[in-house]
1. Test each condition in (1) touching a helix residue (DSSP H, G or I) at 6+ places or on another chain (Cβ under 6 Å); (2) over 16 Å from Val154 (Cβ atoms); (3) not charged (D, E, K, R) for Gly287 and report the one that comes out false.
2. Can you name the condition, by its number, that Asp194 falls short on among (1) surrounded by fewer than 17 Cβ atoms within 10 Å (Cβ to Cβ); (2) out of contact with any Lys or Arg (no Cβ under 9 Å at 6 or more places or on another chain)?
3. Give all pairs with beta carbons closer than 6 Å in which a residue from the stretch 46-66 that is over 14 Å from Glu23 (Cβ atoms) meets a residue that is part of a loop (DSSP other than H, G, I, E, B) and of a type in the set (Ser, Thr, Tyr); count only pairs at least 6 apart in sequence or on separate chains.
4. Search the stretch 219-270 for residues being touching a Lys or Arg at 6+ places or on another chain (Cβ under 6 Å) and open to solvent by 50 Å² or more (accessible area, probe 1.4 Å), and hand back the single one that is nearest to Asn106 (Cα to Cα).
5. Identify the residue in the stretch 253-282 that is assigned to a helix (DSSP H, G or I) and touching a residue at least 40 places away in the same chain (Cβ under 8 Å) and, among all such residues, is nearest to Gly218 (Cα to Cα).
6. Mind checking whether some residue in the stretch 19-38 is assigned to a loop (DSSP other than H, G, I, E, B), touching a helix residue (DSSP H, G or I) at 6+ places or on another chain (Cβ under 8 Å) and modelled with pLDDT of 90 or more?
7. Any chance you could count how many residues in the stretch 277-288 are loosely packed, with under 15 Cβ neighbours inside 10 Å and charged (D, E, K, R)?
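The values are calculated or read from the model by the stated rules, or taken from the named source; none is laboratory data. Please read these numbers as outputs of a predicted model, since none were measured by experiment. Cβ coordinates were reconstructed from backbone atoms using ideal geometry, including for glycine residues, and neighbour counts include every protein chain displayed. Note: areas computed on protein heavy atoms with side chains; ligands, DNA, RNA excluded. Shrake-Rupley method; radii C 1.70, N 1.55, O 1.52, S 1.80 Å.
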Amino acid sequence: MIARNANIDLNLLTALDALLEEESVTAAADRLGLSGPAMSRALGRIRRTIGDPVLVRAGRHMVPTPRAREIRAEVRRLVEAAQGVLAPAAPADPARLARAFTLTANDLLVTAVGPRLVALAAAEAPQVVLRFLGESPVDVPLLREGAADLELGVIDSHEPEIRTERLYRDHPVAVVRAGHPLTTGKLTARRYADAPHLNHTRRGRLTGPIDAALAELGLRRKVIATVPTFAASLLMVRDSDAVGMANEATAASTIRSLGLRTLPIPLDLPPMTMEMAWHPRQEADAGHRWLRGLVRRAVTEVIGAAPDTAPDTAPDTAPDTAPAPTCENAVRNESPRSRLNAQ
């Protein structure tokens, strides 16, 4: 059994968190308002306590050891928990809020809602910084680990504690260049399937819900390429005969600016529920509550859909033709076919 050291200086957690975040003794010292020698001494004490170098030099940079990477998320969680106990609550006045919020969303949603969200934040809280992260090709529990404050889009997180709120519903549409052959005549499922297709998929998948719907009709499409972002897919569609796909309401402004055309997909596809999600540790935080309200306003102004705000404890299992209930803390049971932009 490993003996517990009751004399461990818990202040070392704050120093360790800064070192792991900055991967630099100098930057960590600046972050905590310490001198370089003081931070070096703290690193030495951390190394002796943990029994691991934590950070080692690689050329002109410092890199974390495997042990440091292993404990990084837990150290961050502990420091945040301590700050939640000891620090005063965030000010109710956004003008006094000095904080960086990290949001994760696909690039199309950032392009559509981001400018208005940034403008609203700058007007109300000039000391707030909004940091947008792109989607990862692998599923990472960013909200649980504290790497992100808010997630926007089609939420397919499997962590049961994650809070969610519906923002609006969107519909998939086909996107083609101006003058594309599919813009003339009736667009049937067979004509749609016979055209060359371009997938946007963060995971690089060649098939998805559209292929399942075509298979039900005995049809199969030809995917000629996949790209990881909406922006890349729209630019490639503009300069080729490929057929792309986008969320109708979310992409409307971007599609118009690129001179592209949208066509209804001749398949029975369900709408997509666009939501925001956060970890329950942020539930009562005044600054985070302000951020969520800001997102609702930006979405309403840009998309033109009034967000739902009333909580509902039942899972979202309503038929696709019925209005979707709001779900603050329920685990949804959506069909994979409803996750068209999470291929």
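1. Condition (1) is where Gly287 drops out.
2. (2)
3. Partner pairs satisfying both residue conditions: Asp52/Thr65.
4. For the stretch 219-270, the residue satisfying everything is Pro228.
5. Within the stretch 253-282, the first condition is being assigned to a helix (DSSP H, G or I), and the residues that meet it are 253-257, 280-282.
Narrowing further to those that are touching a residue at least 40 places away in the same chain (Cβ under 8 Å): 253-255, 280-282.
Numbers: Ser253: 35, Thr254: 33, Ile255: 31, Pro280: 45, Arg281: 48, Gln282: 48 Å.
Looking at the filtered set, the residue picked out is Ile255.
6. To start, the set of residues in the stretch 19-38 that are assigned to a loop (DSSP other than H, G, I, E, B) comprises 23-24, 33-35.
From what is left, the residues that are touching a helix residue (DSSP H, G or I) at 6+ places or on another chain (Cβ under 8 Å) are 34-35.
With modelled with pLDDT of 90 or more added as a condition, the list becomes 34-35.
Yes, that holds for at least one residue.
7. Filtering the stretch 277-288 for residues loosely packed, with under 15 Cβ neighbours inside 10 Å gives 280, 283-284, 286.
Still in the list and also charged (D, E, K, R): 283.
Counting residues in the stretch 277-288 that are loosely packed, with under 15 Cβ neighbours inside 10 Å and charged (D, E, K, R) gives 1.
To keep it simple, each residue is scored yes or no on (1) open to solvent by less than 30 Å² (accessible area, probe 1.4 Å); (2) in a helix (DSSP H, G or I).
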| position | (1), (2) |
| --- | --- |
| Ile8 | no, no |
| Ser40 | no, yes |
| Gly44 | yes, yes |
| Pro53 | no, no |
| Val63 | no, no |
| Arg67 | no, yes |
| Ala95 | no, yes |
| Phe101 | yes, no |
| Leu109 | yes, yes |
